[in-house]
Amino acid sequence: MIKRRDFLKYALTHCTFGAATISISPVLYAKSKPVAERQLAFYNLHTGEKLSATYWANDNYIDTELQSINHLLRDHRSGEMQPIDKNLLDLLYVLQQTVDKNGTYHIISGYRSPKTNARLRQQSNGVAKKSLHMLGKAIDVRLPGVELNHLRKAALSLQAGGVGYYPKSNFVHLDTGRPRFW
């Protein structure tokens, strides 16, 4: 457990004045290991695109890398993009540390436009009307080399957002909403 003093020290050194935005959520900060850089690798199953990105370095997010991630995680049906929540990226990063596997996340779904989400809702009862995918705050993934149930349990242990388990479709849903599971 992180000590209050350590958290406050971290918050003061990683906040931007005015917005007071912490560069990693307190829950994830408490569970992460100190590093100079945060990297993620993605493979979009729908477009075939691959990306390896150092999205955070020198205590800052890297805008060009975030833009590349936004592009890769766009709605592949419409081409629309939305900024992906930085806390979602941090969640993916810390999840990899938790399962001790630095691999390439296979992306089933990242951002979804409201129109795409409505169309998917008509086809399936498993699509939320107010899905966090539409805000860039949710992602459906698997991590080759990590059993899906192990990935799910590790995500639940972080208590940093929603975790959905879809073993028949072979993916885990992660989001930065309130901690919950299904």
**Request:** Report yes if some residue within segment 113-130 is surrounded by 13 or more Cβ atoms within 10 Å (Cβ to Cβ), under 14 Å from the mean Cα position of the chain (by Cα) and either part of a helix (DSSP H, G or I) or not hydrophobic (A, V, I, L, M, F, W, C) (or both); otherwise report no.
**Result:** no
**Asked** Given the conditions (1) closer than 23 Å to D63 by Cα; (2) of a type outside the set (V, I, T); (3) assigned to a loop (DSSP other than H, G, I, E, B), which single one is not true for A160?
**Response** (1)
**Prompt:** Within the group L89, L73, which residue is in contact with a Gly (Cβ under 7 Å, 6 or more places away or on another chain), within 26 Å of A154 (Cβ to Cβ) and of a type outside the set (S, T, N, Q)?
**Reply:** L73
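From the residues in segment 29-43 that are out of contact with any strand residue (DSSP E or B) (no Cβ under 8 Å at 6 or more places or on another chain) and surrounded by 15 or more Cβ atoms within 10 Å (Cβ to Cβ), which one is modelled with the lowest pLDDT? Full working, then the answer.
At the first step, the residues of segment 29-43 found to be out of contact with any strand residue (DSSP E or B) (no Cβ under 8 Å at 6 or more places or on another chain) are 29-35.
Next cut, surrounded by 15 or more Cβ atoms within 10 Å (Cβ to Cβ) only: 29-32.
On the way: Y29: 59, A30: 53, K31: 57, S32: 64.
In this case the residue turns out to be A30.
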**Request:** Give the residues of segment 143-157 that are part of a loop (DSSP other than H, G, I, E, B) and either aliphatic (A, V, I, L, M) or surrounded by 21 or more Cβ atoms within 10 Å (Cβ to Cβ) (or both), sorted by residue number.
**Result:** L143, V146
**Request:** Determine whether H106 is surrounded by 22 or more Cβ atoms within 10 Å (Cβ to Cβ) and touching a residue at least 24 places away in the same chain (Cβ under 8 Å).
**Result:** no
**Asked** Restricting to segment 131-142, what's the tally of residues that are within 18 Å of L40 (Cβ to Cβ) and part of a loop (DSSP other than H, G, I, E, B)?
**Response** 2
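In the list L72, L120, which residue meets the criterion of being modelled with pLDDT of 95 or more and not β-branched (V, I, T)? Talk me through it step by step, then tell me what you get.
Details: L120 fails: modelled with pLDDT of 95 or more.
Going through L72, L120 in turn, the sole match is L72.
Pick from N102, N87, N70: which is in a helix (DSSP H, G or I) and within 22 Å of E49 (Cα to Cα)? Walk me through how you get there before you give the answer.
Details: N102 fails: in a helix (DSSP H, G or I); N87 fails: within 22 Å of E49 (Cα to Cα).
Of the residues listed, the single one that is in a helix (DSSP H, G or I) and within 22 Å of E49 (Cα to Cα) is N70.
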**Message:** Can you report the number of residues in segment 163-182 which are assigned to a strand (DSSP E or B) and among the small types (G, A, S)?
**Reply:** 1
**Asked** Of A138, A160, which residue is surrounded by 14 or more Cβ atoms within 10 Å (Cβ to Cβ), in contact with a strand residue (DSSP E or B) (Cβ under 6 Å, 6 or more places away or on another chain), closer than 23 Å to Q39 by Cβ and among the hydrophobic types (A, V, I, L, M, F, W, C)?
**Response** A138
**Request:** Please give the number of the condition K101 fails out of (1) of a type outside the set (V, I, T); (2) surrounded by 15 or more Cβ atoms within 10 Å (Cβ to Cβ); (3) modelled with pLDDT of 95 or more.
**Result:** (3)
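The values are calculated or read from the model by the stated rules, or taken from the named source; none is laboratory data. Keep in mind the model is a prediction, meaning the values are calculated, not measured. Cβ coordinates were reconstructed from backbone atoms using ideal geometry, including for glycine residues, and neighbour counts include every protein chain displayed.
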